[in-house]
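We did not get these values from a lab; they are worked out from the coordinates using the rules stated. None of these values were measured; they are calculated from a predicted model. Every residue, glycine among them, receives a Cβ derived from its backbone with ideal geometry; neighbour counts consider all protein chains shown.
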Amino acid sequence: MVTLGALATVAIQVDRFSADPPAVDAPALPRGDTLQRPAPPAAGPRPGQPVMAGPGWRVVSVNSVSGVLMMIVETERLDDMTEIAREAVTPAAAQLLEALVYFHRPGASDAVGRVQWTPDGGYRPLRFGE
């Protein structure tokens, strides 16, 4: 037979687990220099930010998270992928762990190549099969 004391203990335990959890402050995020969404090319160069356009090329998409920058560039200058990546990434390199710059022909959806940049490895181009 269940005693009144046992029922009270169960009721206390159920109440303890059904109560709202205690409020806990979120950990503070580190502050300092962070990569911001670049301004449009018309805004001109911005120190510490990737370049968004140059002669014969333009960035159509850019994302950055945790020190990794990913850009999509439209250009017909596919033989100049490394030069374009260097021009685009170098201003922001001090804030990055890695950059991946994908190259598309204007209006095409498939990338034809990529240039990877890391502080230790520098710029490394890769052409995809066309």
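Sorting 89, 101 by the number of Cβ atoms found within 10 Å of their own Cβ, with the fewest placed first, yields 89, 101. Each of residue 98 and residue 126 was given a label point 7 Å from its Cα along the Cα-to-Cβ line. The distance between the two points is 0.9 nm. Label-to-label distance for residue 58 and residue 78 is 2.1 nm, based on points extended 7 Å past Cα in the beta-carbon direction. Ranked for footprinting exposure by Cβ neighbours inside 10 Å, fewest first, 84, 72 give 72, 84.
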